[in-house]
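Okay, structure first, notes after.
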Amino acid sequence: MGINEGLLSGCRVVEIAHPLTEYAGLVLAGLGADVYLVEPPQGSATRYRNPRVPGAGDSLRGSIAFLSRNTNKKSVVIDSSNGDDRDLLNRLIERSDVLIASRESELAWCVDHETVPTAVTITDERRLGTSSIVSFAASGGLASSGWPHQPPCNAPSWLALDGTSIYAATMALMGTLTYRRGGGVMRYEIPFEEAAVAAITPWTRPLYSYGMHAAGQGIATARLGAAALPIYEALDGYVRALAVTP
């Protein structure tokens, strides 16, 4: 592998645009994969999220949330009502190594999963949707956030969604490695409600348990706002340093 080549150099990934898939595509693109973000004509839902780039107005390129999750990707627009577009999409998938999709995407119904070596599908059987606070609460993280005797605090950004997406990226990597070693086609399903819990509570529950039971650590409350993790004032708000999180 050359010095300027990524781990996934030469690997083609098709990502069906949805808030649950975007961080997975970002991770794979960062590792050198050629990632195609497939969007409907109106664009990915994340294009409409706040915060916005100053002065961007209503531009579809103005969402900081979208830009931060979709760097190093190529955008492909597919109209699911157009038969030629559907054929084009599935030809692209057939010539790719990895497919990452959410079953909740409006394009999901016209995607052929059978022709690609590795397919990862994120499901949302509990209908948590794409709300940041709903998914964070369902993960169990909200119960541990904030300070005692005060309302719980929502995590910044879309922590539960992005955490789930990281699991999708991990399985895409596993599937690609297995396929390249002769393991055959690989199919993975990532349940949103389970992946969100697995992504978030490993740092909230152990911190609480550690503070309660470890020798010399004192007693911690179920809320971790007062944990020994410093908070610093920044130009646009506050930031907490988690350098000591296990």
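Quick check, is Arg61 of a type in the set (Lys, Arg) and loosely packed, with under 14 Cβ neighbours inside 10 Å? Full working, then the answer.
Numbers: of a type in the set (Lys, Arg): yes; loosely packed, with under 14 Cβ neighbours inside 10 Å: yes.
When the stated conditions are applied, Arg61 passes them.
Here segment 179-197 is the region considered, the condition is being under 17 Å from Thr121 (Cβ atoms) and assigned to a helix (DSSP H, G or I), and the residue that is farthest from the chain's Cα centre (by Cα) is Tyr179. Does at least one position in segment 2-20 carry a residue that is of a type in the set (Asp, Glu), surrounded by fewer than 21 Cβ atoms within 10 Å (Cβ to Cβ) and modelled with pLDDT of 95 or more? No, segment 2-20 has no match at all.
In this structure, Val120 does not qualify as buried (at least 22 other Cβ atoms within 10 Å of the Cβ) and in a loop (DSSP other than H, G, I, E, B). When only residues in segment 136-178 that are among the β-branched types (Val, Ile, Thr) and over 17 Å from the mean Cα position of the chain (by Cα) count, which is farthest from Pro51 (Cα to Cα)? The extreme case among them is Thr178. Scanning segment 28-45 for residues that are crowded, with 19+ Cβ neighbours inside 10 Å, outside any helix (DSSP H, G or I) and among the small types (Gly, Ala, Ser), we see that the one that is farthest from the chain's Cα centre (by Cα) is Ala33. When the criteria are applied in full, Ala24 fails the requirement of being out of contact with any helix residue (DSSP H, G or I) (no Cβ under 8 Å at 6 or more places or on another chain) and outside any strand (DSSP E or B). Are there any pairs with C-beta distances below 9 angstrom linking a residue in segment 104-119 that is of a type in the set (Val, Ile, Thr) to a residue that is part of a loop (DSSP other than H, G, I, E, B) and buried (at least 20 other Cβ atoms within 10 Å of the Cβ), with the two at least 6 apart or on different chains, and if so which? As it stands, the answer is Val111/Ser105; Thr115/Ser96; Val116/Ser96; Val116/Asp97; Thr118/Asp97, since those pairs meet every condition given.
The values are calculated or read from the model by the stated rules, or taken from the named source; none is laboratory data. Keep in mind that what you see is a predicted model, and the values were worked out from it rather than measured. Please note: Cβ atoms are built from the backbone with ideal geometry, for glycine as well, and neighbour counts cover all protein chains shown.
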